[in-house]
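Read through the structure below, which is laid out as structure tokens, and then see the notes.
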Amino acid sequence: MSNTNQADLLPALHRLQEKFGYIPDHAIADLAKAHNMAQAEVVGVIGFYHDFRRTPPGRQRLRICRAESCQAMGADALAMHASTQLGVEFGATTADGEVTLEAAYCLGNCACSPAVMLDDDLHGRVSVERLDAILAEGRGV
Amino acid sequence: MTQRIFVPRDASAVSVGAERVCRTIENEARNRGLEVEIVRNGSRGLYWLEPLIEVEIDGQRIAYGPVAPEDVPGLFEAGWLRGGAHALFHGPSEEIPYLKRQTRLTFARMGVTDPLSLEDYRAHGGLKGLERALDMKAEDIVDAVDTGGLRGRGGAGFPTGIKWRTVMNADGGQKYIVCNADEGDSGTFSDRMLMEGDPFCLIEGMIIAGLAVGADTGYIYLRSEYPDAWDVLEDAIVTATREGILGANVLGSGRRFELNLFKGAGAYVCGEETSLLESIEGKRGLVGAKPPLPALEGLFGRPTVVNNVITLASVPWILAHGGEAYKAHGSGRSRGTLPFQLAGNLKRPGLVEVAFGMTLRELLYDFGGGSASGRPIRAVQVGGPLGAYLPSRASTCPSITRRLRQSAPRWAMAGSLPSTTASTWRKWPAMPWNSAPSSPAENAHRAASVRFAAWSCWTACWPRVRNAPTTTPCCAISARLCWKGRFAPWAG
């Protein structure tokens, strides 16, 4: 029989990340104890899932869909523009700590391609101009 | 008299401005002293027209779209509350050919009702299947699903009745119903649409599955990329529990069914069922060997039904109308309807629910309207990144799961190849990607591109593909025809 205690681990990690933006190192020992696991196991689980971060992210998270449907509608140009505009590669955070740029492989908005997501806000049929406007709005400009 | 205006709350519609349009309509109506009631419905699936706003006139809904906030004053000027003519006018929604030509069974309420109104759900045929199931013996429920010929809509196409019977006949004790809502394959969005547009339908389907196999607990494993679906499902579960549909006494029958919502964490591979179950247990989502089948030893080691969202959402209709009625749709051994998701470089992308048997050409041109860029369509990707790229000559082939499997290039089908390990990659030295993929999802995409490239080189009868730039008009039809089927021993 599996350990049902461990079953609460993912929800707990989501809650932590929602609160802090990442999973702080000092939380690992508590998590391990609370879920009756070894610390190494907790770290292993965190490492497996792309959503969980061990370091603080930018203030905002910009995800650009780079999957087929969006690609067929110009997502590559959009991705290149975002990378140039923000001055970062995918997976990195801007120097001012404002935006973390990430690639997504499908946001479920394929019929309104190309799609991007700023934090939890989904945007469809995004042109280069629209992306600039979305980013400006996100910065509160 | 207060008039009703329908503005979709579907994430995709909101992504192209439905929220701002909604606020503009409210303001404009207030300024003009008009009384309107705004209903937030799901999307009709006519995505090229989103935001698609409907005005109800004498019980009939008139469609206008795509509406931008700046169009709203003009629409009021044109008298849209009386169905006035306007450049964005499309006439009665039900008469739009894209919708009229469809056979909407699972998506019957999609875009019609307010997703969170149980009253609306009941008024449009909801809960009839569950009420019927509560009066039936477990075997009879499974028989109805079996008779309907329902096969898994997640991609592997395994007969749902056989899976349910296995769990039903498994040893007693705790059993589980798990809904796979980790819709990770690119090009697919029907699960998201259904969860956002008709969440009670999924809940009803899961309760019926529970009654059939003797499970009193369910889990919906939802991918974290769908925050809007999460909110809708959370609300729907609270409402269903409050109204006695979920909980200790399902519709007063004395039967119990509890439903838990579980958030994934961005692991693409967790769409595979053994990996998904590991994830719910709080472990790394590693793919497990089968046997044992999840139907016998699944979640927490107990017999578990793992079904996709659309599979479970198809069940209420089957129970309400009978297996024979469902079977009457479709062709050959593929029965019922399939929601096709048209996306990519198409003029009219959207959701098309039709009976099995429609050809790709009909889907691409009659529904899709050809490519958005106006150039000829040269390749079609069918079934997501682990599916197949098909040439245009395949487009008259009926879209039957089995037939498509046979006619598609063999390598493409086996293509769900070991694409979840980084090492596979290095075996393709000629490919332009030298770095290891950063995620299994990226890996799957690369694998799809490799298959596309390899196929382009091999196919002599279609030489243009070889030289075509990667931005060649290409569109995706997703119906998850073979998704991750490799992992399922029953795929074939």
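The values are calculated or read from the model by the stated rules, or taken from the named source; none is laboratory data. Everything quoted here is computed from the prediction, not taken from an experiment. Here the Cβ positions follow ideal geometry from the backbone for every residue, glycine too, while neighbour counts run over all protein chains shown.
Does A:V43 meet the test of being surrounded by fewer than 19 Cβ atoms within 10 Å (Cβ to Cβ), more than 11 Å from every other protein chain (Cβ to nearest Cβ) and at pLDDT 95 or above? Quick ask: steps written out before the conclusion?
Working: surrounded by fewer than 19 Cβ atoms within 10 Å (Cβ to Cβ): yes; more than 11 Å from every other protein chain (Cβ to nearest Cβ): no; at pLDDT 95 or above: yes.
Judged against the criteria, A:V43 is not a match.
Residue under question is B:F107, and the condition is that it be among the aromatic types (F, W, Y), farther than 27 Å from B:D235 by Cα and not assigned by TED's automatic domain parsing to the domain that holds B:N345; does it hold? So B:F107 fails the test. In the range B:228-238, what residues are farther than 22 Å from B:A215 by Cβ and in contact (Cβ under 8 Å) with a residue 12 or more places away in the chain? Once the filter is applied, which keeps residues that are farther than 22 Å from B:A215 by Cβ and in contact (Cβ under 8 Å) with a residue 12 or more places away in the chain, the range B:228-238 yields B:D228, B:A229, B:W230, B:V232, B:D235. Would you please name the residue that is surrounded by the most Cβ atoms within 10 Å (Cβ to Cβ), looking only at residues in the range B:41-57 that are over 20 Å from the mean Cα position of the chain (by Cα) and charged (D, E, K, R)? Only one residue fits best here, namely B:E54. Just for the range A:1-35: of the residues that are outside any helix (DSSP H, G or I) and under 19 Å from B:L299 (Cα atoms), which one is modelled with the lowest pLDDT? Step by step, filter the range A:1-35, then rank; the result is A:M1.
Checking each residue in the range B:179-224 for being assigned to a loop (DSSP other than H, G, I, E, B) and not acidic (D, E) picks out B:G184, B:S186, B:G187, B:T188, B:F189, B:G214, B:A215, B:R223, B:S224.
Every residue in the range B:230-265 that is aromatic (F, W, Y) and within 14 Å of chain A (Cβ to nearest Cβ), please.
Residues of the range B:230-265 aromatic (F, W, Y): B:230, B:257, B:262.
Hits for the range B:230-265 are B:W230, B:F262.
For the range B:250-289, the set of residues classified as buried (at least 16 other Cβ atoms within 10 Å of the Cβ), in contact (Cβ under 8 Å) with a residue 60 or more places away in the chain and of a type in the set (S, T, N, Q) consists of B:T274 only.
Would you be able to say whether some residue in the range B:114-136 is among the aromatic types (F, W, Y), touching a strand residue (DSSP E or B) at 6+ places or on another chain (Cβ under 7 Å) and either assigned to a helix (DSSP H, G or I) or in contact (Cβ under 8 Å) with a residue 24 or more places away in the chain (or both)? Steps first, please.
To start, the set of residues in the range B:114-136 that are among the aromatic types (F, W, Y) comprises B:121.
Subsequent filtering for residues that are touching a strand residue (DSSP E or B) at 6+ places or on another chain (Cβ under 7 Å) retains none.
No; the residues of the range B:114-136 include none that is among the aromatic types (F, W, Y), touching a strand residue (DSSP E or B) at 6+ places or on another chain (Cβ under 7 Å) and either assigned to a helix (DSSP H, G or I) or in contact (Cβ under 8 Å) with a residue 24 or more places away in the chain (or both).
Answer with yes or no whether B:A11 is crowded, with 20+ Cβ neighbours inside 10 Å, touching a residue at least 12 places away in the same chain (Cβ under 8 Å), outside the structural domain of B:F356 (by TED's automatic domain parsing) and under 30 Å from B:M358 (Cα atoms). Here the answer is yes, as B:A11 does meet what is asked.
For the range B:156-194, a residue qualifies if it is at pLDDT 95 or above and β-branched (V, I, T), and the qualifying residues are B:T160, B:I162, B:T166, B:V167, B:I177, B:V178.
Among the residues of the range B:244-256, those identified as over 15 Å from B:C201 (Cα atoms), part of a loop (DSSP other than H, G, I, E, B) and not polar (S, T, N, Q) are B:G244, B:A248, B:G254, B:R255, B:R256.
Only one of the numbered conditions (1) exposed (fewer than 15 other Cβ atoms within 10 Å of the Cβ); (2) more than 14 Å from chain A (Cβ to nearest Cβ); (3) part of a loop (DSSP other than H, G, I, E, B) is violated by B:P292, and that is (2).
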